[in-house]
Amino acid sequence: MTICDNEQLIAGLAGEIFGQWMLIDYLIVDEHYRKKGYGETLLIEAEALARL
């Protein structure tokens, strides 16, 4: 999952789902975009995807 601003990558999350478990390998947010909720947004989306 990624978040872009004007086609520039600003945040991303990589992980895997195993049965009823989710493993997040990386959660990265560009330092200029931190403290703006982008990491939280990615985690919420990942959690929703894991519940499918």
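Each reported figure results from applying straightforward, stated rules to the coordinates on display, with no laboratory input. In this text, all values refer to a predicted model and were calculated from it rather than measured experimentally. Here the Cβ is made from the backbone with ideal geometry for all residues, glycine too, and neighbour counts use every protein chain on show.
Loop-only trypsin sites (Lys or Arg not before Pro) in the chain, please: DSSP not H, G, I, E or B, and at most 10 other Cβ atoms within 10 Å. Walk me through the numbers before you get to the answer.
Working: sites: Arg34, Lys35, Lys36, Arg51; in loops: Arg34, Lys35, Lys36, Arg51.
Passing sites in the chain are Lys35, Arg51.
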Quick one: the Cα spread of segment 2-50 along its three principal axes, in angstroms, biggest first? 35, 18, 15
Sequence-separation-based contact order of the chain, relative, with Cα cut under 8 Å and 6+ spacing, percent: 31 percent
May I ask for the angle, rounded to the nearest 10°, between helix 38-50 and the longest principal axis of the chain, with both axes built from Cα atoms and the value confined to 0 to 90°? 20 degrees
Identify the residues of segment 2-28 with backbone N under 14 Å of a label point that sits 7 angstrom from the Cα of Glu45 along the Cα-to-Cβ direction, or state none. 2-15, 27-28
